[in-house]
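Let me begin by presenting the structure, written as structure tokens, before commenting on it.
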Amino acid sequence: MSNNRRPAYLSIVIIAVVTIVVTAAVIMWFKPDHTSMALAQPASNALGKEAEGTLSTALAAGQMLPTTATQNQSLFVTGLERLPRSLKGTQIDGEIIIDENKQLVVTQGLRRLFDYFLSALGEEDEAVIFARVESYIRHHTPEPAASQAVAIFGKYVAYLKALPEIEKRYGNLQLQATKSGELDLNAVAQQQQDVTKLRQQYFAKDTISAFFGTEDDYDDYSVEMVRINQNKQTSEAQKEAARQDYISRLPDSVTKANIVQQANLGELMARTEQMKARGATPEALYNMRRELVGAPAAKRLAQVDQEDASFDQRFTQYQTQKQRLLSQSADQAQAQIQVNQLEQQLFDDAERKRLSGYAALQETKTQ
């Protein structure tokens, strides 16, 4: 597991509605590995709107108090002293970039840096986090870039604290729309406009673009996919054509590449099931997956296939021995102890949590 401290990326309820219904395992298979994530994942999505909302709610509950330079010096020098438990042993996420004139160049990495330290909110007081971030920036950055970065951090915190009011205003409408099976796109559009206005109150255009540009591209894509899916006047074939047309008109970028891969998930799952039903070889499955989602994802899926086959084999062995132990033993309590020991021999902790659900799934397949 990577030791990078990076808040998980999840989008707002739009993403939940538009995402093709797939198993959580497939989503994890499809996730780029950590070594390439900096290239494969848009950096501004490091926080994402769900994590962003969590931070903003937490910040709104208290008051972020910028400390004076004297207070900063009394607490920290580098900003990395006495790190909270959640940050110990982690790699600092984000970056501070300056130009040849020592002016700050605002990037997605700067927002990631802020999010890295803000992720400790709850373990540390808000004023302590502010002092830590300011000390870190000033220790690693020359002027005037240091003061520019500190100022943006203060505005970023204020922005996060103002977000819950907008979320509160629209949250119930989105929840009701989702329960009814459709999302109110007019409410979504209005919420996006309100968030845009809020950002404009705190940030310059270049900061808005750097911090939120890629995230907004994904939201635009998600809204359009919802719009297409909710159009009852079109057939499934027409909807698919509309999706492909929208994606084809996107400018070439890492964002577009990721969207294209996500769009291939539905076809990937359908073709996988079809090929497995026909008894396709692992090599044939790998070639198909490589064509749709690339070699790294295809390799991970092949590994998952092997793990699933191993689990199935051990599960069959487990069920056979479990039934024998329970049916042949006169002491059911002792038999259950032996069953528990069998579980520990055949499965690790994570796999044992799957057993009951997996057994129920197998029963439904045999009915």
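Using the Cα centre as the reference, give the magnitude of the dipole from point charges on the C-beta atoms of segment 192-279 (Lys, Arg: +1; Asp, Glu: -1; all else neutral), rounded to the nearest 20 debye.
Numbers: 12 positive and 14 negative charges, 54 e Å.
Magnitude of the dipole: close to 260 debye.
Computed from label points 7 Å out along Cα-Cβ, the spacing between LYS232 and ASP349 is 5.0 nm. Proximity of backbone amide H atoms, modeled 1.01 Å from N, is registered between ILE98 and VAL105 at under 5 Å, excluding neighbours fewer than 5 places apart on the same chain. When all protein chains stay in place and ligands, DNA and RNA are ignored, the 1.4 Å accessible-area order of ILE98, ILE137, largest first, is ILE98, ILE137.
Here the spin labels are modelled as points 7 Å beyond Cα on the Cα-Cβ line, and at ALA204 and GLN332 they lie 7.5 nm apart. Length gained on full extension, ARG290 to GLN91, computed as 0.36 nm times the residue gap minus the Cα-Cα distance: 68.5 nm. Given a 1.4 Å probe and the protein chains as shown, ASP125 ends up with an accessible area of around 110 Å². Inter-label distance, MET269 to GLN306: 2.5 nm, where each label sits 7 Å from its Cα along the C-beta direction. Rolling a 1.4 Å probe over the protein heavy atoms leaves LYS276 with an accessible area of roughly 90 Å².
The values are calculated or read from the model by the stated rules, or taken from the named source; none is laboratory data. Quantities reported herein were computed from a predicted structural model and do not represent experimental measurements. Please note: Cβ atoms are built from the backbone with ideal geometry, for glycine as well, and neighbour counts cover all protein chains shown. Areas reflect the complete protein model, heavy atoms only, side chains present, ligands, DNA and RNA absent. Shrake-Rupley method; radii C 1.70, N 1.55, O 1.52, S 1.80 Å.
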